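The values are calculated or read from the model by the stated rules, or taken from the named source; none is laboratory data. No experiment lies behind these values; they were computed from the predicted model shown. Note that we place each Cβ from the backbone using ideal geometry, even for glycine, and neighbour counts take in every protein chain shown.
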Amino acid sequence: MNLFDYKDNELYCEDLPLELIAREVGTPCYVWSEKTFKNQLLSFDAAWDGINHLTCYSVKVASNLSLLEIVAQNGLGADIVSGGELFRALKAGIEPSKIVYSGVGKTASEMVEALEAGILMFNVESKPELELLSKIARERNKVAPVAIRVNPDVDPQTHPYVATGLKESKFGVATIAAIDMYNFAAQIDSLNPIGLDCHIGSQLLSLSPFQEAARRLKELLISLRSRGLAIKYVDLGGGLGINYDKEEPPSPEQYASALKAIFEDVKDLTIITEPGRVVAGNSSILLVSVLYNKKTQVKDFVVIDGAINDLIRPSFYGSFHGIVPVRLTDRPAFPVDVVGPICESGDFLAKDRSLSQVFSGEYLAIKSAGAYGFSMSSNYNSRLRAAEVLVSGDTYRVIRRRETREDLIRGE
């Protein structure tokens, strides 16, 4: 579900007109629906009822403290990939015992921070990382709880930049290497191998890659337990896709049902999942203003005040984001490129998109912008990063103020 709908030809977020936010907060601006974010989060978690489970929201997708506080207030956990994300999760009140730490390049200082915080487990991705973690834990008289991230070599049928489960990927290790790492960890007093981890990619639209990876994980789990390892967590990662255009992804209920069936006969096991896009993706839009209409011999352009520094996904991934006027009119539609002010030919939000005619000073909403929108934004061209607003019913609050020029040079 999402709560961005037209009422009397005007686009609303929940019960608040977006034009009001555009006038009072300015553009570009990320507008979040609190109800959508919370409902998506809780329905994903509820889909796993009937089996021991822990839902760990993927912080990298959208990391605003106000969003993470919703996660914390509802008793859910976090999947982090950096010390900065650990800081955010703890600041928001997420329990350390519900935090899993993924990522191929954890530094020594980040390991120390996570050990001191008392996180649930480290998802370890290489033998050198495991060796360093054991050394750091020993030096601090700690025992590091670990899971090994296994690369099952499953084709997730998604964009190559977000496919993480193939053997050529930088992520995880092959099964035979994982067994060696578990044997190593079992002999080291400063390590406690308690979990098994896998994440095959993002924006998956079919259940079969998830099921294939889960079956391979289950086989390895049974093998490890037969060797005397007390593996009690299986982290299935995230990756469930959303509808950007005409996609028809499985629902969270279909996803959970398919995977629960694989593990339902395994005792003393907790399933961990790391939803991100499916929670945040359709919970936010990017609100922008039209600057100019530009016509050339071969193209019509709508120039807006949002750019690839605000939303890089269309240029970086070739991703589709719906673009709609905030106020509906009966003007004709025609194909345009929707572009920003940045000095790059790659600065576009849509190409050859049919869009009803708009004029300078009017507003557009770029849909499905919550996942990896603000979190991948930058100050390229010394542009100020956008504000973020959280709407609840017919009220809103600014949850990230727009940057200032002084913010641009802070630290320089």
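Of note:
- Flag if Ala258 is small (Gly, Ala, Ser), surrounded by fewer than 20 Cβ atoms within 10 Å (Cβ to Cβ), in contact (Cβ under 8 Å) with a residue 12 or more places away in the chain and assigned to a helix (DSSP H, G or I): yes
- Taking the stretch 213-241 as the range and being farther than 14 Å from Thr175 by Cβ and hydroxyl-bearing (Ser, Thr, Tyr) as the test, the residues that pass are Ser226, Tyr233.
- Set Phe374, Phe359: member being within 21 Å of Val31 (Cα to Cα) and modelled with pLDDT of 95 or more: Phe374
- Counting only strands (runs of 3 or more DSSP E) that fall entirely inside the stretch 336-412 and contain at least 2 residues that are under 26 Å from Val59 (Cβ atoms), the qualifying elements are 363-366, 387-392, 395-400.
- Residue that is modelled with the lowest pLDDT [pool: residues in the stretch 158-202 that are of a type in the set (A, V, I, L, M) and touching a Gly at 6+ places or on another chain (Cβ under 6 Å)]: Val162
- Scanning the stretch 286-313 for residues that are under 25 Å from Phe374 (Cβ atoms) and among the β-branched types (Val, Ile, Thr) returns Val288, Val290, Val302, Val303, Ile304, Ile308, Ile312.
- Of all residues in the stretch 1-59, exactly one satisfies the criterion of being over 23 Å from Gly373 (Cα atoms), among the small types (Gly, Ala, Ser) and buried (at least 16 other Cβ atoms within 10 Å of the Cβ), namely Ala47.
- Residue match in the stretch 241-253 (condition: surrounded by 17 or more Cβ atoms within 10 Å (Cβ to Cβ), part of a loop (DSSP other than H, G, I, E, B), touching a Phe, Trp or Tyr at 6+ places or on another chain (Cβ under 6 Å) and among the hydroxyl-bearing types (Ser, Thr, Tyr)): yes
- Verdict on Val266 being among the hydrophobic types (A, V, I, L, M, F, W, C) and assigned to a helix (DSSP H, G or I): no
- Total residues in the stretch 60-83, condition surrounded by 24 or more Cβ atoms within 10 Å (Cβ to Cβ) and among the aliphatic types (A, V, I, L, M): 6
- Taking residues in the stretch 31-54 that are closer than 23 Å to Ile271 by Cβ, and partners anywhere that are surrounded by 21 or more Cβ atoms within 10 Å (Cβ to Cβ) and of a type in the set (Gly, Ala, Ser), the pairs with Cβ atoms closer than 6 Å and at least 6 places apart or on different chains are Phe37/Ser283; Ala47/Ala256; Trp48/Ala256; Leu54/Gly77.
- Residues in the stretch 261-297 that are under 30 Å from Leu384 (Cβ atoms), loosely packed, with under 14 Cβ neighbours inside 10 Å and touching a residue at least 24 places away in the same chain (Cβ under 8 Å): Tyr292 only.
- So Ser354, is it of a type in the set (Gly, Ala, Ser), in the same structural domain as Tyr380 (by TED's automatic domain parsing) and touching a residue at least 12 places away in the same chain (Cβ under 8 Å): yes
- Restricting attention to the stretch 189-224 and to residues that are of a type in the set (Gly, Ala, Ser) and not in a helix (DSSP H, G or I), the residue that is surrounded by the fewest Cβ atoms within 10 Å (Cβ to Cβ) turns out to be Ser206.
- Residues in the stretch 9-48 that are touching a Leu at 6+ places or on another chain (Cβ under 9 Å) and of a type in the set (Ser, Thr, Tyr): Tyr12, Thr27, Tyr30, Ser33, Thr36.
- Flag if Asp300 is surrounded by fewer than 17 Cβ atoms within 10 Å (Cβ to Cβ), out of contact with any strand residue (DSSP E or B) (no Cβ under 6 Å at 6 or more places or on another chain), among the acidic types (Asp, Glu) and more than 19 Å from Pro28 (Cα to Cα): no
- For beta carbons closer than 8 Å, sequence separation of 6+ or different chains, a first residue in the stretch 55-68 that is under 16 Å from Ser97 (Cβ atoms) and not assigned by TED's automatic domain parsing to the domain that holds Ala89 and a second that is surrounded by fewer than 24 Cβ atoms within 10 Å (Cβ to Cβ) and at pLDDT 95 or above, there are no qualifying pairs.
- Single residue of the stretch 225-240 satisfying the filter (charged (D, E, K, R) and within 19 Å of Ile99 (Cβ to Cβ)) that is surrounded by the fewest Cβ atoms within 10 Å (Cβ to Cβ): Lys232
- Checking each residue of the stretch 378-387 against the condition of being surrounded by 12 or more Cβ atoms within 10 Å (Cβ to Cβ) and over 25 Å from the mean Cα position of the chain (by Cα) gives at least one match.
- Against the test of being of a type in the set (S, T, N, Q) and not assigned by TED's automatic domain parsing to the domain that holds Leu54, the options Asn293, Asn243 yield a single qualifying residue, Asn293.
- Long-range neighbours under 9 Å by Cβ, at least six apart or interchain, first residue small (Gly, Ala, Ser) within the stretch 84-112, second part of a helix (DSSP H, G or I) and modelled with pLDDT under 95: none
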